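Bear in mind that the values in this text are calculations on the coordinates, not laboratory data. Owing to the predicted nature of the structure, the values given are computational and were not obtained by experimental measurement. Cβ sites come from the backbone with ideal geometry, for glycine too, and all protein chains shown count toward neighbours.
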Amino acid sequence: MGTVPSALKHCLSHQHLLKEQLWIGEPTAPPHPAQESQASGLPEYIKIVEVGPRDGLQNEKVIVPTDTKIELINRLSKTGLSAIEVTSFVSSKWVPQMADHKEVMRGIERYPGVQYPVLTPNLKGFHSAIAAGATEVSVFGAASESFSKMNINCSIEESIEKFEEVAKSARNMNIPVRGYVSCALGCPYEGDVIPAKVAEVSKRLYSMGCYEISLGDTIGVGTPGSMKRMLEAVMKEIPLSALAVHCHDTYGQALANILTAIQMGVAVVDSSVAGLGGCPYAKGATGNVATEDVIYMLNGLGINTGVNLYTVMEAGNFICTALNKKTNSKVAQASFSTGTMK
Amino acid sequence: MPRLAAEALSRDTTRRQVSTATFPQRVKVVEVGPRDGLQNEKSVVPTSVKIRLIDMLSETGLPVIEATSFVSPRWVPQMADHAEVMQGINKLPGVSYPVLTPNLKGFHAAVAAGANEVSIFGAASELFTKKNINCSIEESLERFSEVMSAAKAASIPVRGYVSCVLGCPYEGKIAAAKVAEVSKKMYSMGCYEISLGDTIGIGTPGSMKEMLTAVMKEVPVGALAVHCHDTYGQALANILVALQMGVSVVDASVAGLGGCPYAQGASGNVATEDLVYMLNGLGIHTGVDLQKLMDTGTFICNALNRRTNSKVSQAACRL
């Protein structure tokens, strides 16, 4: 499947235009990336962290067979993505979707230059992850006490203590740790979350050794206004180069929020192929922003990501077919014919 | 969740201490659902439903609602009831109800039906103009000048649209200079406002910025509007950039009504609810009641037996 889908062929010039936009057939960079992005003050390069296989699938209703997960990850490995979050070493009682974490970890092809972080909520999960061959882990904090209590049944402080154990062991083994802060722009239980709190939790995670802090708009309620205020507070405590944004598109604000973040210099963006993963707090609503739509925007801004959009769309097509669902990516929707994907 | 949604919906400028240094304080939202939206929906909507839709939109605080199109019903069956709609709606004081008038005949019919404002549609692409209205850009502008003269004589304001500003389904890439040229011509003819349309939604913040930079050399930013389609999910990001450049008029369609005729099954217009949600979060005043807007979206989606394209509606209604 290396040719342009037939849905586009009705219009030659449209196809030509899309070819430019999607860089079909070209494995790497768009024309004149550095000039365009530099002139606008935006980062020249943005690292995309693909969370579809973990965050995405975890929030999908259908339990996905191990083979399918492995194939998805292998396909994603070939797109140019440099970070793919593959699974979660959490109790299968809580997260049945991730019960096959060991098999997935051992079954995937590890491409050189690609990181495969896994979630490790505590020391037990960490050791299990290492035993299964993980070489990078992630820990999930939150900027809201209520969310922390409801999600992992402990206070923020208690969760930090658990993460410190993980971080300490990880440090001893030279394993990098990525820190997430959930509810950075709002909490399903508490409502508004103050930027200072996000900064405080971020600082705790960074100080314990997390190399990067991913700020998550868990319920997608943020807007460019609240994103800006939150980042201003966090940037006082954490160097810009260690920050990432993890935006949910539940209220359609994700790309506008991401744009705001990159205008402020953030150069790492999390996203999920095909926009996998609904929102557990708003039934029927969407969750993660679609990787395809993010790359489309970054391509248009002349920002290099190293990722081939078309191959991501193909991976998205694969997993949506396997899940028997429609993609949440608008780029994919527009580029393929309705309903049936080829 | 209900509390959070209520908070999100009731956001207003007085509570939000947002730096407005880079954004306009007020944005005029031009609602195009009843015309652009419905015109691109498959099911033909009964006149009474159209009237109810417009009346509900009038109650939301929207200052401009594009009501219908005085074009031949042979070409656009959805708009065949234009005179009935125009005469049936409840016109609120302070609200404008512009209608499309592609030529002098349509203009006279519109005025006879009580229209107080009209719109004309140009394009930045020759091929698109040929395919759409079967003439060149120059010829289309000549037709419009007839409408402009008649409108001026009747003291009727005219809004100009330029289609394909960020790309054309037939020509592909569109030069920013061409958009600027067509915009300048329409503005010089007497259009009080030029709405720049990303007809196939292909634009990104990069191309939006480039295009606006060129157009702003020819038309004052106060006379510019953006009409973004969300076919590739880029609309709000594109609108954000336009706002940062000083544009303060934004077109949108309730519930994101109106698919894209050039990409089968894909979405078209950006949803007014999602736009207003973003503007609220930025502390920008619109005068629009988001809850009433969402209720209106629910109404028309039920009438059309379709799901909303607004993410805000999808999220907030599942409480």
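Values computed for the structure shown
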item	result
Dipole axis of chain A (+1 Lys, Arg; -1 Asp, Glu on Cβ), positive-most option in A:119, A:323, A:310	A:323
Gaussian network model of chain A, Cα within-10 Å springs - most flexible of A:75, A:54, A:178	A:75
For segment A:237-251, 3J(HN,Hα) per residue [Karplus equation, 6.51 cos²θ - 1.76 cosθ + 1.60, θ = phi - 60°, Hz, x = Gly/Pro]	10, 10, x, 3, 5, 9, 9, 9, 10, 10, 9, 9, 9, 4, 10
Ranked B:277, A:251, criterion: other C-beta atoms within 10 Å, fewest first	B:277, A:251
Gyration tensor verdict on segment A:141-272 (Cα atoms; rounded if a/c is under 1.5, prolate if a/b is larger than b/c, oblate otherwise)	oblate
J(HN,Hα) series, segment A:215-224, from Karplus relation 6.51 cos²θ - 1.76 cosθ + 1.60, nearest Hz, glycine and proline x	8, x, 8, 4, 10, x, 7, x, 9, x
Among B:282, B:33, B:253 the positive-end extreme of the charge dipole of chain B (Cβ point charges)	B:282
Nearest-ten-degree value, helix A:195-207 long axis tilted from longest Cα axis of chain A	80 degrees
Net +/- balance of residues flanking residue A:138 in space, Cβ distance below 11 Å, scoring K and R +1, D and E -1	-3
Assigned charges on the beta-carbon of Lys, Arg, Asp, Glu; segment B:28-304 dipole about Cα centre (debye)	380 debye
Rounded, prolate or oblate (a/c below 1.5 giving rounded, otherwise prolate when a/b exceeds b/c) for segment A:47-336 by Cα gyration tensor	rounded
Helix-only CD estimate at 222 nm, as mean residue ellipticity for chain B, using -39500 (n - 2.57) per DSSP H run (n ≥ 4)	-12000 deg cm²/dmol
Rounded tilt (10° steps) of A:156-172 against the dominant C-alpha axis of chain A	80 degrees
For residue A:83, residues with placed amide H under 5 Å, excluding near neighbours	A:50, A:115
Those lysines that a straight Cα-Cα span of less than 22 Å connects to residue A:168, excepting residues fewer than 8 apart in one chain	A:124, A:203
Sequence of A:95, A:166, B:44, A:266 once ranked by neighbouring C-beta atoms within 10 Å, starting from the fewest	B:44, A:95, A:266, A:166
Ranking of B:28, B:131, B:42, B:178 by count of other Cβ atoms within 10 Å, fewest first	B:42, B:131, B:28, B:178
Gyration tensor (alpha-carbon) shape descriptor, segment B:28-304, a/c threshold 1.5	rounded
Computed magnitude of the charge dipole of segment A:167-278 (debye, nearest 20; Cβ of K, R +1, Cβ of D, E -1)	400 debye
Dipole in debye (nearest 20) - chain A, about Cα centre, beta carbon charges: Lys, Arg +1; Asp, Glu -1	480 debye
Using alpha-carbon coordinates, inclination of helix A:291-300 to the longest axis of chain A, degrees	60 degrees
